[in-house]
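Novice: My questions will all concern the structure given below.
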Ligand code: NYM
């Protein structure tokens, strides 16, 4: 039996990832499961949630980065088991968010190389769709959580580009990263583009091996 595909939707805040991952889950039906990172209900996820929602809850930036990575490791066995059982797993954020947001803080020593270390060994997505937009006005209405400010988001956007460039390096090869400009597009248009890429990927990729970060 071929394993399920690991499909990641990544992107900046307010680009419609959650809407699109839910629509994709509906389309793929019972043969798929959606996992969102951070997964805020686990022991580590609860700490992350507290950090994101309570400004007075201070943690060292390095510690926060390791918590986000640890949150992925908490779910890693479940993800692998689902894929092996033949289910597709849709991820709403994953390793690239981890590296882009943490490195965008500009903390001494926390460069891309530092940030990727605790992610090494996690299963790599088979297909990554990165949602981006050029129009800042499109993304009005940031929430109240930490990181949801335009100035920081601009830095994150630059870092996402750096992260994807880093993974073009032969040492960190990642296949199947597709950049989708979602600015000025309707929910339906984006959903159609996502479905075209995902259904094509599922139809043509049958490998049983996993790739790892
Ligand atoms: N975030 C998310 C990180 O800083 N590192 C990570 O590894 C992940 C998965 O958490 N602003 C940040 C990005 C978001 C915030 O995510 C919460 P969401 O998708 O808004 O719930």
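Novice: Multiply the residue separation of residue 206 and residue 42 by 0.36 nm, subtract the distance between their alpha-carbon atoms, and state the gained length in nm to one decimal. Could the numbers behind the result be given before it?
Specialist: Working: separation 164, 0.36 × 164 = 59.04 nm, distance 3.20 nm.
Contour length minus Cα-Cα distance gives 55.8 nm.
Novice: Once both labels are modelled 7 Å past Cα along the beta-carbon direction, what's the residue 145-residue 81 spacing in nm?
Specialist: Result: 2.6 nm between the two label points.
Novice: Using a Gaussian network model of the chain with C-alpha springs under 10 Å, which one of 39, 168, 58 is most mobile by mean-square fluctuation?
Specialist: 58
Novice: Same structure, new question: Calculate the all-directions average of the projected area of the range 1-102's alpha-carbon convex hull, and give it in nm².
Specialist: Working: hull surface 27.1 nm².
Averaging across all directions leaves 6.8 nm² for the Cα convex hull.
Novice: What is the Cα radius of gyration of the range 25-81 over 2.2 N^0.38 Å, N being its residue count?
Specialist: Numbers: Rg = 13.7 Å, N = 57, 2.2 N^0.38 = 10.2 Å.
Relative to the 2.2 N^0.38 Å estimate, the range 25-81 comes out at 1.34.
Novice: As a test, work out the antiparallel percent of DSSP beta bridges whose residues both lie in the chain, rounded to the nearest 5. Mind dumping the intermediate values first?
Specialist: Working: 1 of 20 bridges.
In the chain, approximately 5 percent of DSSP beta bridges are antiparallel ones.
Novice: Which order do the peptides 98-111, 193-206 come out in when sorted by mean C-beta neighbours inside 10 angstrom, highest first?
Specialist: Values: 98-111: 18.3, 193-206: 14.2.
By packing density, highest mean first, the sequence is 98-111, 193-206.
Novice: At a 10 angstrom cut-off on C-beta neighbours, averaged per residue, how do the peptides 91-97, 63-69 rank from highest to lowest? Mind dumping the intermediate values first?
Specialist: Working: 91-97: 24.3, 63-69: 19.3.
Going from most to least packed, we get 91-97, 63-69.
Novice: Also, quick follow-up: Quick one: give the max-minus-min coordinate of the C-alpha atoms of the range 6-204 along each principal axis, largest first, in Å.
Specialist: 45, 39, 36
Novice: Moving on to the next point. First measure r as the distance between the Cβ atoms of residue 178 and residue 58, then evaluate 1/(1 + (r/R0)^6) with R0 = 35 Å and state the FRET efficiency to the nearest 0.05.
Specialist: Working: r = 37 Å, r/R0 = 1.07.
It comes out at approximately 0.40.
No lab work stands behind these numbers, since they all come straight from the coordinates. Just so we're clear, the structure is a prediction, and the values are computed from it rather than from any experiment. FYI the Cβ positions are ideal-geometry reconstructions off the backbone, even for glycines, and counts take in every protein chain you see.
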